[in-house]
1. Can you tell me which condition A:THR31 does not meet? The list is (1) farther than 21 Å from B:SER85 by Cβ; (2) within 18 Å of the chain's Cα centre (by Cα); (3) modelled with pLDDT under 95, and all the others hold.
2. How many of the residues in the stretch A:112-135 are more than 9 Å from every other protein chain (Cβ to nearest Cβ), surrounded by 14 or more Cβ atoms within 10 Å (Cβ to Cβ) and either over 23 Å from B:ASN86 (Cα atoms) or of a type in the set (A, V, I, L, M) (or both)?
3. Collect the residues in the stretch B:67-99 that are assigned to a loop (DSSP other than H, G, I, E, B), of a type outside the set (S, T, N, Q) and surrounded by 19 or more Cβ atoms within 10 Å (Cβ to Cβ), keeping them in residue-number order.
4. Restricting to the stretch A:97-143, name every residue that is among the aliphatic types (A, V, I, L, M), part of a strand (DSSP E or B) and in contact with an Asp or Glu (Cβ under 8 Å, 6 or more places away or on another chain).
5. Being modelled with pLDDT of 80 or more and closer than 24 Å to A:SER109 by Cβ is the requirement here; does A:VAL61 meet it?
6. Do we have A:ARG3 as within 14 Å of chain B (Cβ to nearest Cβ) and basic (Lys, Arg) here?
7. So, of the residues in the stretch A:63-111 that are in contact with a Pro (Cβ under 6 Å, 6 or more places away or on another chain) and under 25 Å from A:ASP29 (Cβ atoms), which turns out to be nearest to the other protein chains (Cβ to nearest Cβ)?
8. Residue by residue through the stretch B:134-169, note down the ones that are under 18 Å from the mean Cα position of the chain (by Cα) and β-branched (Val, Ile, Thr).
Amino acid sequence: MKRTLTFGALTAIIIGVLVAYQVSFKDHDDTADIEAAHKLNCEEVVQEFLDDETAATAKYVDQILEINGPILAIERTDQQITSMKISMDELYVVNATLQNPFEGELEESSEIVVKGVCSGFLGDAESMLPGGVVELKRGSIIK
Amino acid sequence: MKLLLVSALILCSSVVSAQGKYFTRDGHVKFFSATSVEDIEARNHKLTCVLDAASGQFEFAALMKSFEFKKPLMEEHFNENFVESNKYPKGTFKGSVQGLDGIDMANIPSGTNVVAAGKLEIHGVVKELELAATIESRDGGYAIHSTFKIVPEDYNIEIPNTVRDNIAKVVDVTVEAQLKAFNR
């Protein structure tokens, strides 16, 4: 009986340690494998935040969004694409950083579809700039 | 005469452009916490930063949820337990770059030291700060770089006892921004 209890306790401890290790060192899920909660045009989503930031925050933040629109600007690190701005207007943009650097070629002004986790809206009502940015992190290029 | 006119126009345009606003929406901000237990780094490549070259007024802002950590658990703790991103979604600095009076804004040499004095707001707490920074003219705009330290406790960021040894008491922050002319 005592041996069974000891064995059970040891097993529970080992499982607990393994679960804790798994949780602590788990990598981010791959956004590309997760279904988007909302599919929108870049102008639509920026406008929703401008119209009612509180409602749009509740609706979109921490959700995976699939955004389509023209590429405004591309940022490269070590010749790989790491982030991009999607919009026709540099003051009203969706800014997406990619989960994995993209090695292919993309051209500014071409249409793109990107999926990513919405981290919120950085509006500039209180600063020196008009407009605002909807921010996506861990983005993935769909097409 | 024509040459004189063209030269005058070029000179005027550089003076005018050097007096306007300069901005970026993809500046970089990084923080780094080093302890004997572990090093923690988070990066945000979506810093909005604006400089009014005429007045020296200077601002930057970042969404807390746009900081990316290597491990999701760290990111979750940061947003939910430390900076409470749902309640306080942004970190902002509003102030002015001092010492620009004697500087030729159209041609600032590399590594020019300045001080940005203003208010840093994180976690709903506002603190007066003087940030040492360098500024230089680059690609028709300005490149700004600053490293400074913040003490999480000063911003009422409570670190639970269970991870107290994992988080440095003083965190290094690096801000880098390439500002371009705001032409509207």
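1. (1)
2. 4
3. To start, the set of residues in the stretch B:67-99 that are assigned to a loop (DSSP other than H, G, I, E, B) comprises B:67, B:70-71, B:83-89, B:99.
Those left that are additionally of a type outside the set (S, T, N, Q): B:67, B:70-71, B:83-84, B:87-89, B:99.
Residues satisfying the conditions are B:PHE67, B:VAL83, B:PRO89.
4. From the stretch A:97-143, those among the aliphatic types (A, V, I, L, M) are A:98, A:106, A:112-114, A:117, A:122, A:125, A:128-129, A:133-134, A:136, A:141-142; that's our starting set.
Filter once more, so that each one left must be part of a strand (DSSP E or B): A:98, A:112-114, A:117, A:122, A:133-134, A:136, A:141.
Those that are among the aliphatic types (A, V, I, L, M), part of a strand (DSSP E or B) and in contact with an Asp or Glu (Cβ under 8 Å, 6 or more places away or on another chain): A:VAL113, A:VAL114, A:VAL117, A:LEU122.
5. Working: modelled with pLDDT of 80 or more: yes; closer than 24 Å to A:SER109 by Cβ: no.
The answer is no for A:VAL61.
6. Numbers: within 14 Å of chain B (Cβ to nearest Cβ): no; basic (Lys, Arg): yes.
No, not satisfied.
7. By that ranking, first place goes to A:THR82.
8. Taking the stretch B:134-169 as the starting set, the residues that turn out to be under 18 Å from the mean Cα position of the chain (by Cα) are B:134-138, B:141-152, B:155.
Across the stretch B:134-169, the qualifying residues are B:THR134, B:ILE135, B:ILE144, B:THR147, B:ILE150, B:VAL151.
The values are calculated or read from the model by the stated rules, or taken from the named source; none is laboratory data. Only a predicted model underlies this, so the values are computations on that prediction, with no experimental measurement involved. Glycine also receives a Cβ, built like all others from the backbone with ideal geometry; neighbour counts cover every protein chain displayed.
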